[in-house]
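S.K.: Before we start, here is the structure in question, set down as structure tokens.
The values are calculated or read from the model by the stated rules, or taken from the named source; none is laboratory data. Values in this document were obtained by computation on a predicted structure and should not be read as measured data. Cβ placement follows ideal geometry from the backbone for every residue including glycine, while neighbour counts extend to all protein chains displayed. We work out accessible area using only protein heavy atoms, side chains counted, and drop any ligands, DNA or RNA first. Shrake-Rupley method; radii C 1.70, N 1.55, O 1.52, S 1.80 Å.
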Amino acid sequence: MTPTQVSIITPSLNQGEFIEQTVQSVRQQTYPNIEYIVVDGGSTDGTLATLGQYSITVLHEPQLNQSQAINSGMARASGDIYAWLNGDDLYYPHTIATVVNYFDAHPEAMCIYGDVEVIGRRGKSYGRRPYVQLTTFDELVHTRNRIVQPGMFWRADVWERLGPLDESLEYVMDYEYWMRMAAHYPLHYLPVCLAQERLHPQGKTFGGALDRIREIEQIAVRHGSSGIPVNFHAEAAAVYTASAWHDALTGQLTQARQLAGTAAALTPPPFKFLRHFFTAFTGRYAAYLWLIYNRLQNAHCERL
């Protein structure tokens, strides 16, 4: 019997500081049958020189956004299980073996995800993401996202049925895909840490707060919600308020009033709103604040 093959795609653009660690975390897996494809979007920072040191498949796809790069890699994948690992995130040595063993023991499972540990720029641990739990389609669409992307794995049949990522999405293509998954399959949750997610100022999440919030509302409405999921109300209100403040200072008063009205209509919890409002003014350096906040949650990471 042919052993299960796992296809892992890494989209990368100017991740030279981290890409070697990411590649090594895949190459050092204790599970042997892995197909690894890196899709580079035109890096100019030494990433390609680093990748050239390894016997791995590297696709050169300049001008592709992240969703397009992942789709390009998946189109060439031939494995039984799929996942993607961003160019600054990491797997533990036994991650893939654990995932394959779970799928083998649960033939009914089509999609599984586990806990994810947060690390800083230099690899320091800030604990487990505390909100990761078993979730459902209704919760994903109406309330919150409990899945952290590098901890998710699914069978190839899922990709064949659901199709590729939505390439129009810049920030939440993963969240939208989880909604699609959950609409068709029961999600399985494995309460051990399967990956490390690196938070740092250059991370994309911290560079487009308003666009990201609008994308979250867009995908939620697409899947049946009346608006942005409830757990994002405080963040959305803070982002809209900060944007209104900026527009007012630059003389765009009509737009500022519209944004302020949208923020007020969300009626977020005051403390949560203030926390997000403060980080909204720190731009990309909000990464450091979120690392500290995650540490304060004191969530232990059950490692493999």
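S.K.: Can you list, bin by bin at 10 Å, the percent of alpha carbon pairs in the range 253-304, starting at 0?
M.R.: Pair shares across the bins are 19, 36, 29, 12, 4, 1.
S.K.: To continue, here is another question. Quick one: helix 95-105 against the long Cα principal axis of the chain, what's the angle to the nearest 10°, folded into 0 to 90?
M.R.: 80
S.K.: Then there's this: Can you pull out the trypsin sites (Lys or Arg not before Pro) in the range 77-137 whose DSSP state is coil and whose Cβ has at most 15 other Cβ atoms within 10 Å?
M.R.: Answer in residue order: R122, K124.
S.K.: Please state the Cα pair-distance histogram of the range 1-109 with 5 angstrom bins from zero: what percent is in each bin?
M.R.: Spelled out per bin, shortest first, that is 2, 13, 23, 24, 18, 10, 5, 3, 1.
S.K.: Next question, about the same structure. Could you check the simple spin-label distance between S55 and Q28, using points 7 Å along Cα→Cβ, in nm with one decimal?
M.R.: The two pseudo-label positions are separated by 2.0 nm.
S.K.: Here's something else I'd like to know. Determine the relative contact order of the range 76-199: mean sequence separation of Cα pairs under 8 Å and six or more apart, normalised by residue count, in whole percent.
M.R.: Contact order relative to length: 44 percent.
S.K.: Right, here's the next one. State the dimensionless ratio Rg/Rh of the range 204-297 (Rg: radius of gyration of Cα atoms; Rh: Kirkwood radius).
M.R.: 0.98
S.K.: Okay, moving on. Relative contact order for the chain: what is it in percent, counting Cα pairs under 8 Å that are at least 6 residues apart?
M.R.: Relative contact order here is 19 percent.
S.K.: Pop a pseudo-label 7 angstrom from the Cα along the beta-carbon direction at both E167 and F271 and give the gap in nm to one decimal.
M.R.: If labels sit at E167 and F271, their model points lie 4.6 nm apart.
S.K.: While we're here: Mind ranking 245-252, 84-91 by how tightly packed they are, going by the mean number of other C-beta atoms within 10 angstrom, highest first?
M.R.: 84-91, 245-252
S.K.: Further question on the same structure: What does the accessible area of D80 come to, in Å² to the nearest 10, when a probe of 1.4 Å is used?
M.R.: Around 80 Å² of this residue is reachable by solvent.
S.K.: Tally up the carbon and sulfur contribution to the accessible surface of the chain as a whole percent, 1.4 Å probe, everything protein left in place.
M.R.: Its accessible area is 53 percent carbon and sulfur atoms.
S.K.: Whose amide H sits under 5 Å from the amide H of V39, counting only residues 5 or more places off or on another chain, with H placed in the peptide plane?
M.R.: T10, S12, L59
S.K.: Taking a probe of 1.4 angstrom, what is the accessible area of H276 in Å², to the nearest 10?
M.R.: Probe radius 1.4 Å; accessible area of H276 about 20 Å².
S.K.: Going by accessible area, probe 1.4 Å, with all protein chains left in place, what is the ranking of F18, F137, largest first?
M.R.: F137, F18
S.K.: With θ set to phi - 60°, apply the Karplus curve 6.51 cos²θ - 1.76 cosθ + 1.60 along the range 127-135 and write out the HN-Hα couplings as whole Hz, x wherever there is a Gly or Pro.
M.R.: Those phi angles translate into x, 7, 4, x, 8, 6, 8, 4, 10 Hz.
S.K.: Just by accessible area at a 1.4 angstrom probe, what is the order of T136, T22, T2 from largest to smallest?
M.R.: T2, T136, T22
S.K.: Related question: Can you tell me the 0 to 90 degree angle between the C-alpha axis of helix 286-296 and the longest principal axis of the chain, rounded to 10?
M.R.: For helix 286-296, the angle is close to 80 degrees.
S.K.: Now a separate question. How many nm is it between the label spots at E302 and D104, if each spot is 7 Å from the Cα in line with the beta carbon?
M.R.: Each label point lies 7 Å from its Cα, and together they span 2.1 nm.
S.K.: With a Cα-only, solvent-free Debye model of the range 55-152, what are the log10 I(q)/I(0) values at q = 0.11, 0.16, 0.20 Å⁻¹?
M.R.: With no solvent term, the Cα-only Debye profile gives -0.44, -0.94, -1.32.
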